[in-house]
Amino acid sequence: MIEAIRLIESALAGADGLHVANPATGEAIATVRAWSTAEVAGAIARADRARAGWAALTASGRAEVLRKWYELILANEAVLAEAVTAEAGKPLAEALAEVRYGAAYVQWFAEEGRRANGEVIPTFANDRRVLTIRQGVGTCTAITPWNFPVAMVTRKAAPALAAGCAIVVKPAEATPISALALEWLGQRAGLPEGLFAVTPTGDPAGVGRVFCTHPLVRKLSFTGSTRVGKVLMAQAADQVLRLSLELGGNAPFIVMDDADLDRAVRGVMDAKFRNAGQTCVCANRLLVHDTVHDAFVAKLGAAVASLKVGDGRDEGVQIGPLISPEAARRVAALVADAVGAGAQVVAEAACDAASPAFAAPCVVTGVTPAMALASSEIFGPVAAVIRVSSEAEAITIANDTPYGLAAYLFTADTGRAWRMMEALEFGMVAINDGRLSSEVAPFGGVKQSGFGREGSSHGLTEYMEIKYALLGL
Ligand code: ADP
């Protein structure tokens, strides 16, 4: 039994609950209570009632509780990391890094909530004064994915709570345990009962509808697929609900002829292979300049072939299973389709598949933009390499996608870096680096990758309204 189960005892259920399994082995971990739509509506009403007292605290009063929550998350980081590895499959070291990264959002927003300043604007008339104040939007809902079961919850709950809001979170079906453990720790930190509620369910569509249409809800924040994001956006129209949508991506990773190739390979190992390629900012298409293509592929192939694949709990494992056997089948089908159209698998890591959820990390060359491997989000450990012969061609191919979340660019020329960064139609561009997520930076996309920003001071703004007050003297 994993340690976190002890924390979430009251959320466990019998056979009619939500069954959580370890994707590395298929073994059952726990069965948690599955909330019905009516019960979720009740949780929203309770959260809304708890909100008045919370919003009435000073910002530093709220910061104190959030700070305590942050400390409790860190004090229990090993327990949370174990839960993340058990339910999401990622290697323990990555799970621990996620817990710390997730905790950093709680710390950041505890501090940022104290700086939700208003303004006094130079007036348009001598007998009037023009002011603004910022207030929490009200009661919020959030839907989170399985690939970062801790961080995606804190990234939404922490700014909402710091802004004086209540929030009800529906975690992904595969990964409710970490979210429930976060809720338990939040209660120990002093969050009022029901203010931050976690409501796992086997009926995501039904609960999604309640989250969008319940009259007490003022905002929905969603991280997940573009397909579901569009459904939620349509449902949210009826109430003119405020939305933040972090949706799919199709990140280009451009390696120009003047790039430091070793650095670029390290960048791919971060940007492509973290979480076995299951992040929305994962490098999806490697656009490599002709003149360095073969040298780069040789170095990358060696690095990928040496990756250690296995159960995330085992020492030294770098690549765990995908979230499910279906996910692994989907990735294999994308590779087979590309190979059928002329691409080649030029390097592959050893993978003694202990469960059908494993996918072997590999490098595929000869990929063209027309292949499904390049146009759909791979969400697996496959590096798809496309040859390009100029800066202009790289930009054209990079931007030729309905998505616009993250892009990566490797070049030694500062002028070119700046020029290409400006030309890339993406919400985030990393230059000579493969990792860009941080609590201090605004995470988010453009085009069909959604809108809204998480992290930084902008992340707090997402949960606040600006009220303009006119004062006649
Ligand atoms: P992924 O492909 O990453 O699983 P999804 O968009 O399917 O992406 O899932 C992300 C989150 O959206 C999960 O919490 C899932 O339960 C939820 N979800 C799936 N379908 C719906 C829906 N119709 N309405 C609301 N939420 C949904």
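Out of the residues in region 192-204 that are open to solvent by less than 10 Å² (accessible area, probe 1.4 Å) and assigned to a loop (DSSP other than H, G, I, E, B), state the one that is farthest from the ligand (Cβ to nearest atom).
For region 192-204, the residue satisfying everything is LEU195.
Suppose the filter is surrounded by fewer than 20 Cβ atoms within 10 Å (Cβ to Cβ) and closer than 14 Å to GLN235 by Cβ; does ALA189 pass it?
Judged against the criteria, ALA189 is not a match.
Name every residue in region 125-184 that is of a type in the set (S, T, N, Q) and either within 14 Å of the ligand (Cβ to nearest atom) or over 12 Å from the mean Cα position of the chain (by Cα) (or both), in order of residue number.
Result: ASN126, THR132, GLN135, THR139, THR141, THR144, ASN147, THR175, SER178.
Within region 358-386, how many residues are assigned to a strand (DSSP E or B) and among the polar types (S, T, N, Q)?
Residues that pass the stated criteria total 1.
Please go through region 174-233 and pick out each residue that is of a type in the set (D, E, K, R), in contact with a Ser or Thr (Cβ under 7 Å, 6 or more places away or on another chain) and more than 26 Å from ASP16 (Cβ to Cβ).
ARG218
Please indicate, with yes or no, whether at least one residue in region 216-235 is more than 13 Å from the ligand (Cβ to nearest atom), open to solvent by 10 Å² or more (accessible area, probe 1.4 Å) and in a loop (DSSP other than H, G, I, E, B).
yes
Of all residues in region 205-215, how many are in contact with a strand residue (DSSP E or B) (Cβ under 9 Å, 6 or more places away or on another chain) and assigned to a loop (DSSP other than H, G, I, E, B)?
Total meeting the criteria: 1.
For region 426-473, what are the residues that are in a loop (DSSP other than H, G, I, E, B), free of Cβ contacts under 8 Å to residues at least 24 places away in the same chain and of a type in the set (A, V, I, L, M, F, W, C)?
ALA441 - this is the single residue of region 426-473 that is in a loop (DSSP other than H, G, I, E, B), free of Cβ contacts under 8 Å to residues at least 24 places away in the same chain and of a type in the set (A, V, I, L, M, F, W, C).
When you scan region 38-53, how many residues do you find that are farther than 19 Å from ILE143 by Cβ and in contact with a strand residue (DSSP E or B) (Cβ under 7 Å, 6 or more places away or on another chain)?
Final tally of qualifying residues: 2.
Quick check, is ALA97 under 19 Å from ALA181 (Cα atoms) and without any contact (Cβ under 8 Å) to a residue 12 or more places away in the chain?
So ALA97 fits the description; yes.
Among the listed residues ALA55, ALA15, ALA43, which satisfies the condition of being crowded, with 19+ Cβ neighbours inside 10 Å and of a type outside the set (Phe, Trp, Tyr)?
ALA43
Mind counting the residues in region 274-322 that are assigned to a helix (DSSP H, G or I) and out of contact with any Pro (no Cβ under 7 Å at 6 or more places or on another chain)?
17
The values are calculated or read from the model by the stated rules, or taken from the named source; none is laboratory data. What you see is a predicted model; the values in this text were computed from it and never measured. Note: ideal-geometry Cβ built from the backbone for every residue, glycine included; neighbour counts use all protein chains shown. Side chains included, ligands, DNA and RNA excluded: accessible areas come from the protein's heavy atoms. Shrake-Rupley method; radii C 1.70, N 1.55, O 1.52, S 1.80 Å.
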